[in-house]
Amino acid sequence: MSKTTKALSGASQDAYFRRVLKAFPNVPDDVRDRLVQQLRREIAQVRLRTAIRRETLQGAPPPEPAQGVASTTAALPAAPAPGPFDPYSPNLIVVVRTSGREAALAALAAIDSADNLRLLAREQRLSIGADCASLAEMRAAIVTAAERRIANRKAAAS
Amino acid sequence: MAQFLAVSNRKGGVGKSTIAVMLAHAAAAWGGRRVLVMDLDTQCNASLMLIGGEGWDKAARAGHTIADYFYDRFDKVAEDESAYVVGNVGDIAHARAAPGRVSLLPGSQRLEDIQGELYLKVSKKDLDADAVSVQVRSRMKRLMKHFGMDFDLVILDCPPGLSFAALAALDLADRVIVPFRPDFVSQFALDRVALMIEKVETGEQLADIPFEQRRYACLANTLRGEGAERMLLDQLALDHPLLDARMPLLDSIARAFDWDETKKNMEEKYADALPHLRALHDEVFGAPALRARTAQA
């Protein structure tokens, strides 16, 4: 977390939720209170789960926050860093066979790096030419290669 | 009548004999079954795993192999087949009172030659080639079936390829386990063996048969847990029933089949492969087709 941001907790967090919920004047006061309590519990659960995950990953417990201190160390966790790219997902042959070409192109649209598309193509044995100029061309070539691979297997099964 | 379980794949080197012997041990030790392993592979690997080189040589010299059995009994009424069987084989210790035992009808390097001779013998009766093939296969199937009276389970360790014996075994089997290695050519091998087992000619015809009605189930063997393997398994699962149980690539499995006369228990023999074998045993012998046969027996 950068030094220009401040985590909310306890009363300040509750006040923040009440301020946001005031944008909905039709929400009765008792309902607003219940929503604030529920949000507080949800946030606490998120912190707990994150702490457990961090402990599991690092093999060491997270530091205990100081008792009774409204500390910035009890802040909301930073968004987890994205994991390494998985070149086997989506499984293009499965997607093409079960959902068709358009669905496969849509699945590939989430990958916006040429390096990752080439890695996926290589690991899934979907041969694409070196002359693909754009990401769109690469995606189309990958799906075409998957279709060719499916046809290849079908031709042999007789 | 015994259950007949074939372990088959046209592709070689996928672990058919290893899986056949593991299942035999598991069915005898955990299921209390009287198991016969019928070694139909001319490599005789299952025989070597169960009785060692000297034991196999002794059986071969005595004329007590699968090839001798087919040749001797082809034109005759079946008599006492037990002369061809080596009893209580393998290195798993069984409690004296426990019924489970593994027996072996040893393999023979002469089996392919014998099949050729039987083909020629039948063809002298002026039948066309297809009719001769059907007759040889049918007779072999009946000869194999005779062993069903003396055992609870007959495991047919099939050879790679399409010999008469392999086809007869597939025809006889109540259920077929198809081990495969997760590599490029395995998918073609599975597609082809599935057509043969289900007796259809095209993938479209195969697709019309629901998974739960198919006689075969595929077993992923020698898995390394790599992403490419998972990808291939997902693709194969679109077309073929895959067993949930899977066999990882483990040194303990390779070591388990070094010939060793010292009797041991299943834990000692299979070490860290044991839970995988247990899962395989429970899944295969809990299958509806086999349960139905057990109820009839």
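Read-outs throughout are calculated quantities, based only on the coordinates presented, and are distinct from any laboratory measurement. Everything quoted here is computed from the prediction, not taken from an experiment. Positions of Cβ are generated from backbone atoms using ideal geometry, with glycine treated the same way; all protein chains shown enter the neighbour counts.
Of note:
- Legend: calculated FRET efficiency, A:A136 to B:L250, from the Cβ-Cβ distance at R0 = 35 Å, rounded to 0.05, equals 0.20.
- For a straight C-alpha distance cut-off of 30 angstrom, the lysines reachable from A:K22 (same-chain residues fewer than eight places away being disregarded) are A:K3, A:K6.
- Nearest-0.05 FRET efficiency for B:T202 and B:E54, computed from C-beta distance (R0 56 Å): 0.70
- Computed over the Cα atoms of segment B:3-287, the ratio of the radius of gyration to the Kirkwood radius (Rg/Rh) comes to 0.96.
- Dipole size of chain B about its Cα centre, with +1 on Lys/Arg Cβ and -1 on Asp/Glu Cβ: approximately 560 debye, rounded to the nearest 20.
- Overall dimensions of segment B:1-159, expressed as equivalent-ellipsoid semi-axes from the Cα gyration tensor (√(5λ), whole Å, largest first), are 27, 16, 15.
- Net lengthening on full extension, B:Q109/B:K76 (0.36 nm per residue, minus Cα-Cα): 9.6 nm
- Rounded to 0.05, the FRET efficiency of the B:D260 and B:A237 pair, given R0 = 30 Å and the Cβ-Cβ distance, is 0.20.
- Segment B:3-287: relative contact order in percent, alpha carbon pairs under 8 Å with at least 6 residues between: 27
- Note on chain B: antiparallel DSSP beta bridges, both residues inside, total approximately 5 percent of the bridges counted.
- Overall form of segment B:72-185 per C-alpha gyration tensor (a/c, 1.5; a/b vs b/c): oblate
- Only lysines eight or more places from A:K154 in sequence, or on another chain, were considered; those with a Cα closer than 30 Å are B:K11, B:K16, B:K199.
- Within chain B, helix-based [θ] at 222 nm, where runs of 4 or more DSSP H residues each add -39,500 (n - 2.57), nearest 500: -14000 deg cm²/dmol
- Here the spin labels are modelled as points 7 Å beyond Cα on the Cα-Cβ line, and at B:D126 and B:L162 they lie 2.9 nm apart.
- Inter-chain Cβ neighbour average for residues B:220-232, partner chain, 10 Å: 3
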